[in-house]
Amino acid sequence: MSSASVPNLTSKSSHPPGDFAIWIVIYVELLTFGLLFMGYIFSRRSNVELFNASQLVLNQTSGFVNTFILITSSYFIVKAVQSIKIMAKEQQEKANLLASKWILSAMFLGLIFLGIKVWEFSHIFSLGITLSTNSFFMFYLMLTMFHFMHVMLGLIIFFNIYQKMRLHGYSLKDHSGLETGASYWHLVDLLWIVLFPLVYILR
Amino acid sequence: MKYKLEFIWLSLVTLSLFAYIMGQVEYFPKLFSILLLLGTLVKGQLITDYFMGLKSVRLKYRLIPTLWLGIVISLIAVAYYLPYEASY
């Protein structure tokens, strides 16, 4: 996954990590979120004061904590892939055990992310804010709820990966499924990396 | 580099912390927005290169998310900086 685990640093791999189908999904998701980001920023132009005032309702601290959580969980996932790539040749059982601990830690952080988002949504809804309140909240709720669903899907994928790890199912030759899940999770992280400054900070 | 991955993680956290601190400042000058967008560009590239592992695959696979980042951040900057008419 990371360059640290690539045996030959001079040659480039002919395929990205994981199943190629996930990369089609990743590119489509990038396009979809890219259009939503454009919708947000160009809508903002027509009513800057409203967007700036509405943004004050959001909790920047929870946005930052969630950024920290996703970055750290992504790091844990890279460590899980590394564990399999580096150790599985010699000790497959031990490699799977170690990787499963990294995956569980990442899942735990993913759950905290969801918990914070639920708390944030309940605060927003308790103020009587809905999708139709104004353009800012329409985009905010659409973007963050769509992202929320991606995090949930990521956790479901990791749960399945974890189940296979418990059976020591990943080896040096067969760990494409793990890399596929990892690539998806990094996409979720990448999207949040743009979403956080755009919606919470930029004014 | 032995702790390359840890360095990447720390860089990502530090850049995010700077973004958060900028958000806490009441007066938000234009310079902040430039720094914020540049920081986002760097973070995105670090994730695609080192977490997604695209630095070690053929350029065409790396180019798509890199172009996406560049285009999205540039358009955000354009929409942010272009003069607009205030609505009343």
Original post:
So what is Rg over Rh here for the stretch A:1-118, counting just Cα atoms and using Kirkwood for Rh?
Top reply: 1.10
**OP:** Let me know the charge dipole size of the stretch A:58-201 about its Cα centre in debye, to the nearest 20, where only the beta-carbon of Lys, Arg (+1) and Asp, Glu (-1) is charged.
**Re:** 340 debye
Original post:
Between the stretch A:115-140 and the stretch A:18-87, what's the alpha-carbon centroid distance in Å?
Top reply: 18 Å
**OP:** Count the net charge of all other residues whose Cβ sits under 13 Å from the Cβ of A:T180, scoring Lys and Arg as +1 and Asp and Glu as -1.
**Re:** -2
Subject >> Selected from A:G169, A:I71, A:H186, residue furthest toward positive end of dipole (the protein assembly as shown; charges at beta carbon) >> reply: A:G169
Original post:
Exactly which trypsin sites (Lys or Arg not before Pro) in chain B are in a DSSP loop and have at most 12 other Cβ atoms within 10 Å?
Top reply: B:K2
**OP:** Sticking with the crude label model, points 7 Å out along Cα→Cβ, report the distance from A:E90 to A:Y27 in nm, one decimal please.
**Re:** 3.9 nm
Subject >> Qualifying GluC sites (Glu not before Pro) for the stretch A:24-118 [loop in DSSP, other Cβ within 10 Å: at most 12] >> reply: A:E90
Original post:
Among A:15-25, A:124-134, A:99-109, how do they line up from the highest to the lowest mean number of other beta-carbon atoms within 10 Å?
Top reply: A:99-109, A:15-25, A:124-134
Original post:
How large is the charge dipole for the protein assembly as shown, taken about the Cα centre, if only the Cβ atoms of Lys, Arg (+1) and Asp, Glu (-1) carry charge, to the nearest 20 debye?
Top reply: 740 debye
**OP:** May I ask for log10 I(q)/I(0) of chain A at q = 0.13, 0.16 Å⁻¹, from a Debye sum over the Cα atoms as equal point scatterers with solvent left out?
**Re:** -0.75, -1.00
**OP:** Quick one: of A:K79/A:K173; A:K79/B:K2; A:K89/B:K60; A:K79/B:K4, which pairs are farther than 19 Å apart, Cα to Cα?
**Re:** A:K89/B:K60
Original post:
aspartates and glutamates within cross-link reach of A:K85: Cα-Cα under 17 Å, excluding same-chain residues under 8 positions apart?
Top reply: A:D19, A:E93, A:D174, A:E179
Subject >> Degrees, to the nearest 10: A:92-126 long Cα axis against longest axis of chain A >> reply: 10 degrees
Subject >> Total formal charge among the other residues, if their Cβ is under 13 angstrom from that of B:V78, Lys/Arg +1 and Asp/Glu -1 >> reply: +2
Original post:
Within a Cβ distance under 14 Å of A:L70, other residues only, what is the Lys/Arg minus Asp/Glu net charge?
Top reply: +1
Subject >> Selection of GluC sites (Glu not before Pro), chain B, meeting DSSP coil and at most 13 other Cβ within 10 Å >> reply: B:E26, B:E85
**OP:** List every residue whose amide H lies under 5 Å from the amide H of B:V57, counting only residues 5 or more places away in sequence or on a different chain, with H placed 1.01 Å from N in the peptide plane.
**Re:** A:S13
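Values in this text are rule-based calculations from the coordinates and carry no lab data. In this text the structure is predicted, and so the values were computed from the model without any measurement. Cβ atoms come from the backbone with ideal geometry, glycine included; neighbour counts cover every protein chain shown.
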